[in-house]
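Read through the structure below, which is laid out as structure tokens, and then see the notes.
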Amino acid sequence: MLLKKSLVILCCLFSSTAFAERWFEVEVLIFKQRPAPYLQEDFSLKHDAIEDKNTLDLLASAYKNQAMDACINGDPRFQTRTFADTLVNSNPQSAACNDSIDYVKSYDVLPVTPQAPVQDTMEQTYLLAPEQLQFEQQRQALDRKGLTPLLHTGWRFEGASKSRSPSMHLFAGNKLKNNMNTGFSYANSDFISLLDTPEPLFNEAQSPTMKWELDGLLKIHLRHYLYINADFDISEKQDNGELESARFSQFRRVFSEDIHYFDHPRMGMIVQIRKFNH
């Protein structure tokens, strides 16, 4: 009887250990669709903000490091030095490229593929290096079709339950700012907007709203199968200076190694989850 209980305990421990060591890598390629002037779809409804209590942002630090390196190499987009700095400092680039700069907001267009070092660990979630990405044929197909990639990245992660898995914060594309005294609404330039911007009661100075062309969350969790839950806002600036956005929200059960395509009138997403070290 004691031997039987011991075997059961050992089996449980082995199963839990094996589950904990189930690591995966995911590759994500998001691109803009061509404008569809005759598309009969209404994007004028407002949506709640995309939120999750458990989020992880690996892109911000990657974009920051990439910008800091460019700043040190003399890229004027990320430098705040004055002419006096160049006279008194023998290395003005390095002096001006410090942590006081908001490097991410200094971008007008974010890099399609964030830079990251090559890693092969299984300790915590991390970005894949560009040379570890495998969607070369998919990128070439987009180029042939004249479609613009917004984000091409990937990361390695431990397979976990829905409650334990973080939602990855993904943002990419152009930095969009609305004109003064205009609002933000969910609409589409291909349709008549049902959300009229009200006239301001007073001529007060207002700070422009800033959004990235793509912004949202992607969660992958494991429960016998792999599941993808994606929520993004894909935004654009209209002729009147207003920012308008469409919501991309999809949930799907997927299989590892298969390439999955997610479609939307404003964007497309190609995803592959691959087993890592198991």
Q: Could you work out the local net charge near R144, counting Lys and Arg as +1, Asp and Glu as -1, over the other residues with Cβ closer than 14 Å to its Cβ?
A: +1
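Quick check on packing: order 164-176, 99-111, 251-263, 54-66 by the mean number of other C-beta atoms within 10 Å, highest mean leading. Intermediate results must be reported in sequence, preceding the final value.
Details: 164-176: 19.7, 99-111: 14.8, 251-263: 12.5, 54-66: 16.7.
In decreasing order of mean packing, 164-176, 99-111, 251-263, 54-66 become 164-176, 54-66, 99-111, 251-263.
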Q: Mind grabbing the accessible area of L151 for me, 1.4 Å probe, Å², rounded to tens?
A: 0 Å²
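Rounded to the nearest whole Å³, what is the per residue volume of the convex hull around the Cα atoms of region 105-183?
Numbers: hull volume 13.7 nm³, N = 79.
Hull volume normalised by residue count: 174 Å³.
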Q: Would you kindly find the accessible area of I72, with a 1.4 Å probe and non-protein molecules such as ligands, DNA and RNA excluded, rounding to the nearest 10 Å²?
A: 80 Å²
Q. For K211, what accessible area in Å² do you get when you roll a 1.4 Å probe over the heavy atoms of the protein chains, rounding to the nearest 10?
A. 50 Å²
Q. Using a cut-off of 22 Å between alpha-carbon atoms, which lysines can reach K275, once sequence neighbours fewer than 8 places away in the same chain are excluded?
A. K162, K219
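Under 10 Å from the Cβ of R247, count the other residues' Cβ atoms, weight Lys and Arg +1, Asp and Glu -1, and hand me the total.
Values: positive: K46, R266; negative: D48, D231, D233.
Here the charged neighbours net out to -1.
The values are calculated or read from the model by the stated rules, or taken from the named source; none is laboratory data. In this text, all values refer to a predicted model and were calculated from it rather than measured experimentally. Positions of Cβ are backbone-derived with ideal geometry, glycine not excepted, and every protein chain shown enters the neighbour counts. Just the protein is used for accessible areas: all its heavy atoms, side chains included, with ligands, DNA and RNA removed. Shrake-Rupley method; radii C 1.70, N 1.55, O 1.52, S 1.80 Å.
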